[in-house]
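What follows is a single structure, written as structure tokens, with notes after it.
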4 protein chains.
Amino acid sequence: MDYQQLIEEVYQEVQAENLKGKVADYIPEIGNVNPDQFGIALVDLKGNVYGVGDHQKPFSIQSISKVHTLTMVFNVFNSKLWSRVNVEPSGDPFNSIAQLEYEKGIPRNPFINAGALVITDALCSKFEHPINEITDFINELAGATCVKINPEVQISEKNHGERNTALAYFLKSFKNFNNPIDEVLDVYFSHCAMEMSCVDLAKSFSFLANDGYSIFADRLVLTESQSRRVNALMLTCGFYDEAGEFAFKVGLPGKSGVGGGVAAVMPHKFSIAVWSPELNEKGNSVKAIRALELLTDKLAFSLF
Amino acid sequence: MDYQQLIEEVYQEVQAENLKGKVADYIPEIGNVNPDQFGIALVDLKGNVYGVGDHQKPFSIQSISKVHTLTMVFNVFNSKLWSRVNVEPSGDPFNSIAQLEYEKGIPRNPFINAGALVITDALCSKFEHPINEITDFINELAGATCVKINPEVQISEKNHGERNTALAYFLKSFKNFNNPIDEVLDVYFSHCAMEMSCVDLAKSFSFLANDGYSIFADRLVLTESQSRRVNALMLTCGFYDEAGEFAFKVGLPGKSGVGGGVAAVMPHKFSIAVWSPELNEKGNSVKAIRALELLTDKLAFSLF
Amino acid sequence: MDYQQLIEEVYQEVQAENLKGKVADYIPEIGNVNPDQFGIALVDLKGNVYGVGDHQKPFSIQSISKVHTLTMVFNVFNSKLWSRVNVEPSGDPFNSIAQLEYEKGIPRNPFINAGALVITDALCSKFEHPINEITDFINELAGATCVKINPEVQISEKNHGERNTALAYFLKSFKNFNNPIDEVLDVYFSHCAMEMSCVDLAKSFSFLANDGYSIFADRLVLTESQSRRVNALMLTCGFYDEAGEFAFKVGLPGKSGVGGGVAAVMPHKFSIAVWSPELNEKGNSVKAIRALELLTDKLAFSLF
Amino acid sequence: MDYQQLIEEVYQEVQAENLKGKVADYIPEIGNVNPDQFGIALVDLKGNVYGVGDHQKPFSIQSISKVHTLTMVFNVFNSKLWSRVNVEPSGDPFNSIAQLEYEKGIPRNPFINAGALVITDALCSKFEHPINEITDFINELAGATCVKINPEVQISEKNHGERNTALAYFLKSFKNFNNPIDEVLDVYFSHCAMEMSCVDLAKSFSFLANDGYSIFADRLVLTESQSRRVNALMLTCGFYDEAGEFAFKVGLPGKSGVGGGVAAVMPHKFSIAVWSPELNEKGNSVKAIRALELLTDKLAFSLF
């Protein structure tokens, strides 16, 4: 398989379709991004990197970082964690508080905001300097000092963070939150404000295509079983309220962010990151979703 | 891989664990079944059949038949169908009517009751004798005249069918129902009352492990892309409110029924059917779920 | 107090305001009514009748008949009834099925559709010919043979009755329904299709202004305590999802119907019926609501 | 009417019934109260005070203070206020956050927690020293320097205030909150921690029985129309998820608090306060509710 040719074809075809969406505008720093950017990077199991378009340009990875933070506590808090957060897809929007009320403070899964806050809270219990630890961890996975926290995005997230703050207090009212709320939110807004290129992001997801072993970190990051479970979670819960549609059309485990990025893996084949800022109404990048759909069609394989 | 040895090991280990659940009791005909029965059948891509325990004993496949009926209309009504039923996992119980109200008569997916009723309605539009067609189709997939409709179960389903009738009228009020309600319900209750053995059920699912081609029917039942999509749907929506948990622990596309059966596939490897009547509180067979978890652990592969 | 002058003033002022709404269009027979009609009738405790505008023209009373049917079983089934239907306002639309699911088949109150169906079911248990009984009862309350069931409306209600049928089956699935569904629905659609003029309607509500004693029937229809409770229910639940607003602005117990009618009482003073077909978005007559608001302002008294 | 004899009879009969409930335990300061206390005070339109039992003993009025704070802004912000908070009864618990999500940040009414927080926020916009203003206002209404803020209760409310804090941040995320959250919560927890006796509480509600005129303050506190509207709101929304039941059985506008107090009015007759700490499962005092039911039965009048 010539991956470079493949992603170039996909890139051309998606560009030709001239798809339109809407850049996320909940904070100005995200809203002001040039909407026409589009990049794809693919990393195979040997560590070869293939790229096209804006694949080397850093962008705000936003919720994609929730896969990294989950991995950091999955490793250690394995069983305890799953009493604090469920693994079921949510039929509701990613920042819904209603479901949290009906289910008595146990978030549906670690990728909706409430669940990711529980994960970040667990990280704050585990590490003295959680932000540094997250940065170091992702750098290690990517085999490069690549992660930068954008201070404007971070501050802006915080200034528009009422809803996440409400979720944190609500979790605390159910005793599902152990650390000071401001501290955890700081870490949360920091990791949502991280910037990486498609290349580095795809590299940082490589271990999930490889049964938990990262060739860039040169170590087993998760056991095979844990790695499979992270992939299962991404498949059922990685695309907000569109997870079923993505599984149906694309069939790869992946995670999207409102910055327009999507990172996905084809187990035992490759990891891939696609980025383009314009989103569909469910909050997923129109071009990234379409690119992955074309890619799996051309490869004639998906998970299924 | 020696599949016969594998399933025997799994069978022994599950029996040793002595798991307990509760036989479904919404109709007496299901409730009176001997709870200790347990069988496993596995069919590889060459059509070899492996079995252990009560694998040749017919049981009520119930909702597993929804995969067969979906396949029958998937083929033909492809795009139209997806305007009538969504492909997203449901956070609510399988027979919930609330979600149908919030989402204005479009069921969340074809495996919750409301969605399956839409599928059966589509079947009634397509065929003059839909029950015969379903029976013939499953027999063809299994390569044997094996399907029997249990008349006591069928009548009992009908006599306890107020909730499904309510769903049908509710769908009709949203104009998402085209045929006479009684007619469609008769077909629905008939295919829920079908009985098959694990062996025949695993054979009837074989095409989903084989990119849509059935070696028993000797024809392409679904295109590769359609077949992948049915698998994606089973993975995200096949286990009621426990789909995420099953994907997380087992990682195979599958479908369960309240009769205690589960049919699943490992794409490009095998199809499998497991049956044991006692259910967990989410309505899935405790022994069947556990057997599939052990099996994928032993094989050290899942989808992910 | 010169009631005739009062209602004429109110009539003029409302007409001058030229309020607009939308005639109910769920069935053609209701949708085709002349939207400009407007009438008011007031009946004092001595039985004097005051009227203005189209106060003698029969119109479809629709849900207002639910007060009459409730009265018929209140009298007899008193305590039993309240285990089958609650007395709390509903935050949801009148025909919502979701709330019925959350509250396990016990409707929130007797004026939402699900609750009214339970009342009609109780009537069918009590009387051999319930439709005749309802007609006779309302005629008796109005002191005149005035009630007519419009056959076109009745048939049309039935032909568009999928949602109410769904509610009935749903109630039955919770064992909160005792009679054959078709039979009860026939009675339900019949009493919703009843036609009366404002004058007769106001007379039929007179007993609720008079501690349960009807001067037209010349008998105690409800005890004082029961009569107060029907009024309390109308105040908290009589205007669909606008009950609070009506209590806030008008402050009288009353019941509205999608035909554009409103019947209300000022306890120990008078009963009143207002009719005009155009509805606001909550399904209540814009002119009738406004007329009652002006009336209580001018009288400088309400319940409170 | 000999009110003294009346409330003594009611007091005796309720005591004889030996009703049991459960003292609120969400904060220790409320939970440790002697559960057997029980007092009634009634104030007629001339200002005569009648009392029985623990009617002079101060208790935590909790949510009853929401009527006072609403009155303070009703007067001034009249129309603006009703774009920020609705007047409809809520089918959900008083501290539900789900409904706030469905209704996009507009609380259902000013007596559920979310609505009361909006009211307190409006107070903070209006006054520089809102706590002093509230205290002064209630003292004026009661014609006595009677209000004391219990510092232990206030601190404890704050320490257990995660859910109210979540509500405040959630309101802010919908731009329905104007002042710093900590500031508003301080005021909120302060007025919930106020202590008064039944006598002073009944006096402070007297203006609502008197078309807005307080004989103790010797001034018009609300216009007649405003006063009627506060009463309407209490009737439809004053008893959490039991408002319909209270209207049905008692038929008086009133407001309850988790401290076990209930204040109510019979317009143009009297105001009344009843207190006893044990609550039913809906959070209303069992003895207070029963006392008011007996009282209206004996008087043979209610609103209706």
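The values are calculated or read from the model by the stated rules, or taken from the named source; none is laboratory data. Just so it is clear, the model here is predicted, and its values are computed rather than measured. Cβ: placed from backbone, ideal geometry, glycine included. Neighbour counts: every protein chain shown.
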Restricting to region C:167-220, give me the number of residues that are small (G, A, S), over 30 Å from C:S96 (Cα atoms) and surrounded by fewer than 24 Cβ atoms within 10 Å (Cβ to Cβ). 3
Filter result for B:G251 (of a type in the set (G, A, S) and in a loop (DSSP other than H, G, I, E, B)): yes
Would you confirm whether or not region C:60-71 contains a residue that is outside any loop (DSSP other than H, G, I, E, B) and over 25 Å from C:G283 (Cβ atoms)? no
Which residue out of D:V87, D:V118, D:V76 is in a helix (DSSP H, G or I) and at pLDDT below 95? D:V76
Filtered residues of region A:94-132 (kept if under 16 Å from the mean Cα position of the chain (by Cα) and either within 14 Å of chain D (Cβ to nearest Cβ) or of a type in the set (K, R) (or both)): A:F94, A:N95, A:I112, A:N113, A:A114, A:L117
Residue in region C:134-146 that is among the polar types (S, T, N, Q), part of a helix (DSSP H, G or I), out of contact with any helix residue (DSSP H, G or I) (no Cβ under 8 Å at 6 or more places or on another chain) and without any contact (Cβ under 8 Å) to a residue 24 or more places away in the chain present: yes
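Residue under question is A:F207, and the condition is that it be more than 11 Å from chain B (Cβ to nearest Cβ), touching a residue at least 40 places away in the same chain (Cβ under 8 Å), over 30 Å from D:Y169 (Cα atoms) and under 17 Å from the mean Cα position of the chain (by Cα); does it hold? Steps first, answer last, please.
Details: more than 11 Å from chain B (Cβ to nearest Cβ): yes; touching a residue at least 40 places away in the same chain (Cβ under 8 Å): yes; over 30 Å from D:Y169 (Cα atoms): yes; under 17 Å from the mean Cα position of the chain (by Cα): yes.
The answer is yes for A:F207.
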Being buried (at least 24 other Cβ atoms within 10 Å of the Cβ) and part of a loop (DSSP other than H, G, I, E, B) is the filter here; which residues of region A:274-304 pass it? A:S276, A:P277, A:N284, A:S302, A:L303, A:F304
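Quick check on this structure: which one of D:K80, D:K104 is touching a residue at least 60 places away in the same chain (Cβ under 8 Å) and surrounded by fewer than 16 Cβ atoms within 10 Å (Cβ to Cβ)?
On the way: D:K80 fails: touching a residue at least 60 places away in the same chain (Cβ under 8 Å).
Just a single option satisfies the conditions, and that option is D:K104.
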Out of B:E162, B:E157, sole residue that is surrounded by fewer than 21 Cβ atoms within 10 Å (Cβ to Cβ) and within 14 Å of chain C (Cβ to nearest Cβ): B:E162
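Does C:L70 meet the test of being without any contact (Cβ under 8 Å) to a residue 60 or more places away in the chain and under 20 Å from the mean Cα position of the chain (by Cα)? Spell out how you get there, then give the answer.
Numbers: without any contact (Cβ under 8 Å) to a residue 60 or more places away in the chain: no; under 20 Å from the mean Cα position of the chain (by Cα): yes.
Considered against the rule, which asks whether it is without any contact (Cβ under 8 Å) to a residue 60 or more places away in the chain and under 20 Å from the mean Cα position of the chain (by Cα), C:L70 comes out as no.
Does C:Q15 fit the bill of being assigned to a loop (DSSP other than H, G, I, E, B) and either in contact (Cβ under 8 Å) with a residue 12 or more places away in the chain or aromatic (F, W, Y) (or both)? Quick ask: steps written out before the conclusion?
Working: assigned to a loop (DSSP other than H, G, I, E, B): no; either in contact (Cβ under 8 Å) with a residue 12 or more places away in the chain or aromatic (F, W, Y) (or both): yes.
In short, no.
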Checked against (1) free of Cβ contacts under 8 Å to residues at least 60 places away in the same chain; (2) of a type outside the set (F, W, Y); (3) more than 10 Å from chain C (Cβ to nearest Cβ); (4) surrounded by fewer than 24 Cβ atoms within 10 Å (Cβ to Cβ), D:E245 satisfies every condition except (3)
Looking at the structure I just gave you, is A:P58 surrounded by fewer than 21 Cβ atoms within 10 Å (Cβ to Cβ), closer than 19 Å to A:K255 by Cα and away from chain B (no Cβ under 14 Å)? yes
So, in region B:205-237, how many residues would count as being part of a helix (DSSP H, G or I) and either touching a Gly at 6+ places or on another chain (Cβ under 9 Å) or on the phi > 0 side of the Ramachandran plot (or both)? 15
When you check C:V199 against the structure, is it under 18 Å from C:G115 (Cβ atoms) and either assigned to a helix (DSSP H, G or I) or of a type in the set (S, T, N, Q) (or both), yes or no? no
Taking the stated definitions as given, is B:I97 touching a residue at least 24 places away in the same chain (Cβ under 8 Å) and closer than 25 Å to C:E101 by Cβ? yes
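Determine which member of the set D:M196, D:M234 is more than 14 Å from chain C (Cβ to nearest Cβ), under 27 Å from D:L294 (Cα atoms) and of a type outside the set (S, T, Y).
Sole residue among the options that is more than 14 Å from chain C (Cβ to nearest Cβ), under 27 Å from D:L294 (Cα atoms) and of a type outside the set (S, T, Y): D:M196.
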Going through region A:26-59 one residue at a time, which ones are assigned to a strand (DSSP E or B) and not aromatic (F, W, Y)? A:G39, A:I40, A:A41, A:L42, A:V43, A:D44, A:V49, A:G51, A:V52, A:G53
Members of region D:90-101 found to be modelled with pLDDT of 80 or more and surrounded by fewer than 18 Cβ atoms within 10 Å (Cβ to Cβ), listed by number: D:A98
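For region D:165-189, enumerate the residues that are within 11 Å of chain A (Cβ to nearest Cβ) and in a helix (DSSP H, G or I). Steps first, please.
Step one: filter region D:165-189 for residues within 11 Å of chain A (Cβ to nearest Cβ), giving D:165-177, D:181, D:185.
Those that are within 11 Å of chain A (Cβ to nearest Cβ) and in a helix (DSSP H, G or I): D:T165, D:A166, D:L167, D:A168, D:Y169, D:F170, D:L171, D:K172, D:S173, D:I181, D:L185.
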Can you go through D:V258, D:V221, D:V274, D:V286 and tell me which one is more than 9 Å from every other protein chain (Cβ to nearest Cβ) and either out of contact with any Phe, Trp or Tyr (no Cβ under 9 Å at 6 or more places or on another chain) or farther than 27 Å from D:K57 by Cβ (or both)? D:V286
Give D:I138, D:I64 a once-over and let me know the one that is under 18 Å from the mean Cα position of the chain (by Cα), among the β-branched types (V, I, T) and under 20 Å from D:L235 (Cβ atoms). D:I64
